Amino acid sequence: MAMSDAPHTPKPRARASDFSAGSSSAPRPQPPRTPRWLRAVGRLLVTLLALLLAASALLWWWAGSGTSLAATLARAAQYLPANQQLESRDVSGSLRSGGRIGWLRWSSPTLAVEVTDIRLGWQLAPLLQRRLELGEVHAARVEITPQPKTTDTPEPPPTPPTSLALPLQLGVPFRVNQLLWAGSPAVEAQGLVGDYRFDGRQHRLAIGAVELAQGQYSARATLDAQAPMALDATVDGTVRTAVPGGGAALQVGAHATLQGTLATAAAQLQLQARLKPEPTSEAATPPATAPASKPGASKPPTPRTTPAPAADPMQADLAATLAPWAQQPLQFANATLRAVNLAALWPQAPVTKLHGTLQAGPTSGGAGTAGTAGWSLQAALRNDLAGPWDATRLPLTALDASASYDGTRWTVPNATLQAGTGSIFRLL
């Protein structure tokens, strides 16, 4: 066999696949497929979020409508307890910006509150911080009426509070043109202006001005929301009282403080009050034929401050200890009066000029019935402006009496009453 002289060429080998990084020919891994149920949940969440946004936008639009305030009041009345009622009329405005309520009445078995011509507003943004800020709440008239008892069943004793916390911080500036207590006796106050605040720990009330009888008063008070619920209240005012027989009215300063605690049955309050004449500012009256002022001449007299007339100015001092949840709240009292006119301090009271002392407190070494402490009262008073009831006067000229209370009934061991100039009645 003949051998070929041609050179032997080796057969080329198949090229191995290149799996090195960056090779364009490498197969790409398939991304994992999202489970079908997870995609369904995602679509559901997106749908719910869209519905929530749409509902919020619809609620925001409704809260700004002119009927939202009336609808909210009507709905709120349906959620009150069965023995309470809320009625309203002539309501206009919205939940977003406030509005006007022509007439609003809330009633319970013991109390009814009727408010006329309310204008109110509030801010919604602070609600995100659990705070409700109202604009000035202005009411033309507020009438509070105690409801008569429907049965003769004795009421249970009040339960001492242990907490007075609110779910939201609150700010309410308010103004009431006329405030009326329609009980017996009726009391009317005018021009009440104030501000109430709750910061989560303490209630604060500031009364800038209120007119009662012949006085103008201001007040401030703080009350802790949690036990022992410390209370600190101060009242200041000015009372104008007429001088018997005519003449300029006198100004009397009034100052009272109430301090103590309200929580638990052991709560106790200390009351201090004082009335004293205030200095009055009066101008000296120049002579009727005063010559014209010349250069270098002395200046006319300027207004000066002089004390109130010394002839029987109205004065009083009162100290008392109160137990607000006890069967007999007044534990101790001591009052000294001088020329006190009750009509200047309290509406519907008679015109008086009282001098004397009042003392009240537990009986020494005695006890009342059913384990209650005995209580006694002594009064020695003189009235220099006695007169008939129909002339808004007090018929009594003098009173000297003592009385005791054993928890169920009063006993008057002796009393001397003088009416007019010579009638004296003695009760023994």
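Other residues lying with their Cβ under 14 Å from the Cβ of S68 contribute a combined charge of +3, Lys and Arg counting +1, Asp and Glu -1. The packing ranking of peptides 378-389, 68-79, highest mean first, is 378-389, 68-79, where packing means the average number of other beta carbon atoms within 10 angstrom of each residue.
Find out how many positive minus negative residues lie around A380, taking Lys and Arg as positive, Asp and Glu as negative, among other residues whose Cβ is under 14 Å from that of A380.
Working: positive: R338, R382; negative: D400.
With Lys, Arg at +1 and Asp, Glu at -1, the neighbours total +1.
For A344, neighbours were defined as the other residues whose beta-carbon sits under 11 Å from its Cβ, and their charges (Lys and Arg +1, Asp and Glu -1) total +2.
Using only Cα atoms, what Kirkwood radius does the range 46-129 have, in angstroms?
Details: mean 1/r = 0.0685 Å⁻¹.
14.6 Å is the Kirkwood radius here.
In whole percents, the pair-distance distribution calculated for the range 181-254 from its alpha-carbon pairs, binned every 5 Å from zero, is 4, 13, 17, 16, 17, 15, 10, 4, 3, 2, 1.
Restricting everything to alpha-carbon atoms, can you work out Rg to Rh for the range 104-192 with a Kirkwood hydrodynamic radius? Could the numbers behind the result be given before it?
Numbers: Rg = 16.8 Å, Rh = 15.9 Å.
Rg/Rh for the range 104-192 comes to 1.06.
We did not get these values from a lab; they are worked out from the coordinates using the rules stated. All values derive from a computational prediction rather than experimental measurement. Positions of Cβ are generated from backbone atoms using ideal geometry, with glycine treated the same way; all protein chains shown enter the neighbour counts.
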